[in-house]
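Notes to accompany the following structure.
The values are calculated or read from the model by the stated rules, or taken from the named source; none is laboratory data. Only a predicted model underlies this, so the values are computations on that prediction, with no experimental measurement involved. Cβ coordinates were reconstructed from backbone atoms using ideal geometry, including for glycine residues, and neighbour counts include every protein chain displayed. Protein only, heavy atoms only, side chains kept; ligands, DNA and RNA dropped before computing areas. Shrake-Rupley method; radii C 1.70, N 1.55, O 1.52, S 1.80 Å.
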Amino acid sequence: MASIDIKNVRKDFGPVSVLKGVDLAIASGEFAVLVGPSGCGKSTLLRLIAGLEDASSGEIHIGGRRVDDLPPRDRDIAMVFQSYALYPHMNVRDNMGYSLRLKRTPQARIAEIVGRAGAKLGLEALGERKPRELSGGQRQRVAMGRAIVRNPKAFLFDEPLSNLDARMREQMRFEIRKLHRDLGATSVYVTHDQIEAMTMADRIVAMNAGIIQQVGTPLELYDDPANVFVAGFIGSPAMNFLSGEARRGETGVALSVGGKAFCTLSQAVAVPEDGRVTIGIRPERIRIGVGAGQVVEAAADLVETTGAASVVHVDLAGQAMKIFTTERLQLTQGQRIPLAIDAKDVCLFDPAGGGRLR
Amino acid sequence: MRGSPRVRLVKWSLHYGVLLLFVVAALFPLYWLVKISLTPNDSLYTHSIDLWPATISLEHYATVIGNSDFLLFFRNSVIVSGVTAIASTLLAAASGYAFSRFVFRGRYWIVGVMLVTQMFPLVIVITPIFSIFGPLGLTNSLMGLIIIYTAFNIPFATFLMQSFFDGIPKELEEAAMIDGATRFKALLQIIAPLTLPGIAATMGFCFTGAWGEILFALLLNSAASTSTFPVGLLLYSTRATIEFGPMMAAGVLALLPVCIFFFLIQRYLVQGLTAGAVKG
Amino acid sequence: MFEPYLYSAPALLLVAATTLVPIVIGISYAFRNIMLLDPTSGGFVGLDNFRELLRDASFWNALKNTVVWTASCVGFQFLFGLILALMLNRPFPGRALIQATIFLPWAIPTFLVGMNWSWLLNPAIGPLPHWAYALGLMNAPDNILSDPDYALWGPIFAGIWWGTPFFAITLLAALQSIPREIYEAAEIDGAGGLERFRSITLPFLAPTMVITVLLRTIWVANSPELIVVMTKGGPADASQIVASYVFTQAYQGLNFGYASAVATALVLLLLIYAFLLIAIRQAMLGRR
Ligand SMILES: Nc1ncnc2c1ncn2[C@@H]1O[C@H](COP(=O)(O)OP(=O)(O)O)[C@@H](O)[C@H]1O
Ligand SMILES: [Mg+2]
């Protein structure tokens, strides 16, 4: 088990800068999830940690030791690939035991370790099978088993669940977490799926366009996003963003959308000169009907329901907005509905840079 | 095909009819070769254009196999083609791997050089190679032919091997490298076993290429002791008294390894052609 | 990052040593007087070899033959290959076997193709002259390989027979990469068979056709094997193409300087051809 420290790492592919100065410290035993839209550089960062790519500049330390010049085999890490990368010509047992064989571990010892890992993952009966004779979920487990067998300093996962169907994914999510609880090994888990990030992470590292946007626990990112990107990326359905105006008044900062009063914030907020702001509010924090907070009126557009809950699309002064509710509503298009907004649920962002206004 | 049953019948007959023409055209020369090789001498010239041989005999094959020269040519060809196939496939596998897995400075130029050598008329190197090889003792030597054929096969074989490597996910050797293997070990233990069919196909292509080459074989190895099969056969055919029967029997024998290879690698033909693009 | 060089170096060095270096040396020979069996030869003669070339009627004839040879071979190979590819592109009973059979000639070594066809054309043991005579195509069942007016056609027949499968395979592969849905969509839109060929097959196939024909042209022009095997360029250089002329000059004449000059001329011609192609391509791109 070991900490991973990344210091000002940059990575360029020719003229394209993919990582633009990444600083990140992952504590020993931590389960860190690296999340961001696809193409933002998550895999690249993971591959730098693994040693599959060389950084253009910066330092990478694993367990306090600088590893930039070490080849992957000397970094003592294990990696689970999105495609699993199981060796097609080896059976399950040999796939899991390959790393031990390379270390010249005695046959009996290999069998013992592989057997133990197989038992943990429910692979006992599959030892003789080739990867092509396994289901997606079983392959996933073998890939995990191959990583466990090594007893490495750190686990790296690159979107390991994205080739599974939804139900399997849910189950594996749970199993990986349990495995981490048992082994307690430092893990870096890459995904583009914010639900995976929220449910699995000790700490989430949100990334966009090669830059780390925010690092924190899932709830910190959910409740207190550092910028528009994080606010929009974390949470489903996504946070509503309305362009509005902020004016400082006696009771606080008064927000309006399209000229209509939206709500008034009591806490002090740094408002830009021209008063233009992006107002963010989560769909599940808006209540339909007259309630505790301030009330604005919107026109209903469309209702989507999953049975358990519904998403109501409304139009507020010409801007689209979503509301998440567990109530079952019968709404007609164009129907005026009152919305209760609680000022403490509102986040303000700078429309120019996207940064949070506090 | 659509249309009324009658139209369909006509269309299908036409389809098969035309294809039959092509099949006959493709097979007839080979059939003739086999036919003459099986026609005994006494009816060879009297019934030379009969479609079927009146009698069949293996006497020409006996003549060929009894003729020590042909056996020698055959042996020379097997050595030259075999070693060429192995050497060029090994070298091409290494360079094809580099092209498949690495982006490196000069790669563009190296690929360019290889492509250009494929486009250049080989006849221009005939005289210089003759002059270079002479003093090195590489004329009238099987080694000389092996070197030349290996070099000529490499560009094509490299592109072919590259296409096979491209079909194998890079993650496999990355996983192996993380598991503790060096890249070379990963190549040997993980990638090579998966490329075996490709390696075999490449060897086949190189083998047939060397098996049929005649220009350099004629020019460099004029001595009978180092002649390859094509040269032996060609020189045999220009002798004053030509014996067609044994010659065709020898031709059929020369065809055998190639036909075996052809049916083994049929499914790689398309890949071979697209990788080679210019070679046939 | 030295690894890629390590992997590619052996192959590259061998290729450089046996093709690139000789190409350079070969071009230098073109300006020297090199006779194989004459130790006093070897001096620089400037452009003498090329002056001789310009006066050499055999060379000009070989140049003309190169055009005939290349155009006929590639043209017919392409035509037959296209027909075959189109016919083999739909499933029908027996397709696999027919396909394997039709592709077989491509696997036959060139020298054997040449010898096989010269036997077929030889009236002593081959049927072709007798058939041509019976059909009234010939006045007597003679061997066209010894007729100066028609000798080149022997290798051309052999070349067409041998090279047609190449085009068939290449075009078939291209045809099979056209998504089925496009045809289905066109059929639903009411396009007939001919219309589908014109508006889907041709545009999809065009790039492959152009590239294959252009590259193949170079390759066929460069390949003297069939001619060397079947006629040795004879009778009296009547069926010589430039590439085979180089070979026979070197092989029989032992005049390496002159042979290299002819080869250099061939390279120049191919370069001109390549530049023309690039220029045409540029012009067409510019028009878009
Ligand atoms: N080997 C490479 N060469 C050039 N560009 C690359 C290479 N690998 C990744 N990239 C580019 O870097 C960016 C980030 O890639 P990646 O790290 O795979 O994204 P993610 O895993 O977040 O989806 C992408 O735009 C991708 O095109
Ligand atoms: Mg990725």
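Here's the picture: charge each Lys and Arg Cβ at +1 and each Asp and Glu Cβ at -1 in the stretch C:31-287, and of C:ILE156, C:ILE211, C:TYR183 the one pushed furthest to the positive end of that dipole is C:TYR183. Remark: relative contact order (chain C) = 29 percent; criterion is Cα-Cα distance under 8 angstrom and separation of 6 or more residues. In the context of the full set of protein chains, residues of chain A present 45 Å² of accessible surface per residue (probe radius 1.4 Å, heavy atoms only).
Charges only on Cβ, +1 for Lys and Arg, -1 for Asp and Glu: so what's the dipole of the stretch A:263-312 about the Cα centre, in debye to the nearest 20? Don't skip to the answer; put the middle values down first.
Working: 4 positive and 6 negative charges, 40 e Å.
That gives the stretch A:263-312 a dipole magnitude of about 200 debye.
Leaving out ligands and nucleic acids, and using a 1.4 Å probe, what accessible area per residue does the stretch B:66-279 come to in Å²? All intermediate terms of the calculation are to be shown ahead of the outcome.
Details: 7440 Å² over 214 residues.
Averaged over the residues of the stretch B:66-279, the accessible area is 35 Å².
The stretch C:135-159 to the stretch B:1-71: how many Å between their Cα centroids? Comparing the Cα centres of the stretch C:135-159 and the stretch B:1-71, I get a distance of 21 Å. Find which of C:LEU82, C:LEU254, A:VAL215 sits farthest along the positive direction of the dipole of the protein assembly as shown, computed with +1 on the beta-carbon of Lys and Arg, -1 on that of Asp and Glu, about the Cα centre. Among C:LEU82, C:LEU254, A:VAL215, the one farthest towards the positive end of the dipole of the protein assembly as shown is A:VAL215. Relative contact order, whole percent, for the stretch A:35-127 stands at 16, derived from Cα pairs under 8 Å and 6 or more residues apart. Is the C-alpha gyration tensor of the stretch C:34-135 telling us rounded, prolate or oblate? Criteria: a/c under 1.5 is rounded; beyond that, a/b larger than b/c is prolate, otherwise oblate. In terms of gyration-tensor shape, prolate. Across all directions, the average projected area of the convex hull around the alpha carbons of the protein assembly as shown is 53.4 nm².
With the full set of protein chains in place, find how many percent of the accessible area of chain B is carbon and sulfur; take the probe as 1.4 Å. Mind showing how you got there, number by number?
Working: 8170 of 11490 Å².
Carbon and sulfur atoms account for 71 percent of the accessible area of chain B.
Split the accessible area of the stretch C:31-287 by element, probe 1.4 Å, and carbon with sulfur accounts for 67%. Name the residues of the stretch B:30-78 whose accessible area, probed at 1.4 Å, falls by at least 50 Å² once all protein chains are in place instead of their chain on its own? With the partner chains in place, the stretch B:30-78 has these residues losing at least 50 Å²: B:LEU30, B:TRP32, B:ILE49.
In Å² (nearest 100), what accessible area is buried between C and B, both sides summed, heavy protein atoms only, 1.4 Å probe? Please list the in-between numbers first.
Details: alone 17220 and 16330 Å², together 25590 Å².
Using a 1.4 Å probe, the pair buries roughly 8000 Å².
How do the peptides C:148-160, C:120-132 rank, highest first, by the average count of neighbouring beta carbon atoms within 10 Å per residue?
Details: C:148-160: 21.5, C:120-132: 19.4.
With the highest mean Cβ count within 10 Å placed first, the list reads C:148-160, C:120-132.
Which of rounded, prolate, oblate describes chain C, given a ≥ b ≥ c as roots of the alpha-carbon gyration tensor eigenvalues and a/c under 1.5 marking rounded, otherwise prolate only if a/b is larger than b/c? It comes out oblate by the Cα gyration axes.
Let me have the relative contact order for chain A, percent, based on Cα pairs under 8 Å that are six or more residues apart. Don't skip to the answer; put the middle values down first.
Working: 756 pairs, mean separation 56.2, N = 358.
Relative contact order, chain A: 16 percent.
Note on chain B: Cα-only Rg and Dmax are 23.5, 75 Å. Which angle between 0 and 90 degrees, to the nearest 10, do you get for helix A:166-183 versus the longest principal axis of chain A when only C-alpha atoms count? Tilt of helix A:166-183: around 60 degrees.
May I ask you to list, by number, the DSSP H helices of chain B whose Cα span along the axis is at least 27 Å and whose average Kyte-Doolittle hydropathy reaches 0.5 or more?
Working: long enough: B:5-38 (46 Å, 1.28); B:68-101 (49 Å, 1.01); B:142-166 (34 Å, 1.39); B:192-212 (29 Å, 1.02); B:244-265 (32 Å, 2.34).
Going by DSSP H runs, the hits are B:5-38, B:68-101, B:142-166, B:192-212, B:244-265.
Are there residues in the stretch C:10-28 whose accessible area shrinks by at least 50 Å² when all protein chains are included rather than the chain by itself, and which are they (probe 1.4 Å, ligands and nucleic acids not counted)? Buried by 50 Å² or more upon assembly, which counts only protein chains, are C:ALA11, C:LEU12, C:LEU14, C:VAL15, C:THR18, C:THR19, C:PRO22, C:ILE23. Solvent-accessible surface, computed for protein heavy atoms with a probe of 1.4 Å, shrinks by 30 Å² or more for the following residues of the stretch C:170-197 when the other protein chains are added to the isolated chain: C:ALA173, C:GLU187. How large a share of the accessible area of the stretch A:157-205, in percent, is made up of carbon and sulfur atoms when the probe is 1.4 Å and the other protein chains stay in place? Ligands and nucleic acids excluded, carbon and sulfur give 46 percent.
A cut-off under 10 angstrom between Cβ atoms defines the neighbours of A:ASP342, and their net charge, with Lys, Arg +1 and Asp, Glu -1, is +2. Farthest towards the positive end of the charge dipole of the protein assembly as shown, among the residues A:ASN95, B:LEU115, A:GLY252, is the Cα of A:GLY252, using unit charges on the Cβ of Lys, Arg, Asp and Glu. Find the centroid of the Cα atoms in the stretch B:94-152 and in the stretch A:289-358, then give the distance between the two in whole Å. After rounding, the separation between the Cα centres reads 71 Å.
With a 1.4 Å probe, what is the total accessible area buried between chains A and B, in Å² rounded to the nearest 100?
The contact between B and A buries close to 1700 Å².
About the centre of its Cα atoms, the stretch B:66-279 shows a dipole size close to 240 debye [charges on the beta carbon of Lys, Arg (+1) and Asp, Glu (-1) only; nearest 20 debye]. If Lys and Arg each add +1 and Asp and Glu each add -1, what is the summed charge of the other residues whose beta carbon sits under 11 Å from the beta carbon of A:PRO351? After counting each charged neighbour, the total is -2.
In a simple Cβ point-charge model (Lys, Arg +1; Asp, Glu -1; nothing else charged), the protein assembly as shown has a dipole of about 1000 debye relative to its Cα centre.
Checking the cross-link pairs A:LYS7/A:LYS153; A:LYS20/A:LYS153; A:LYS130/B:LYS185; A:LYS20/A:LYS344; A:LYS42/A:LYS344; A:LYS42/A:LYS103 against a 24 Å limit on the alpha carbon distance flags A:LYS20/A:LYS153; A:LYS20/A:LYS344; A:LYS42/A:LYS344; A:LYS42/A:LYS103 as lying beyond it.
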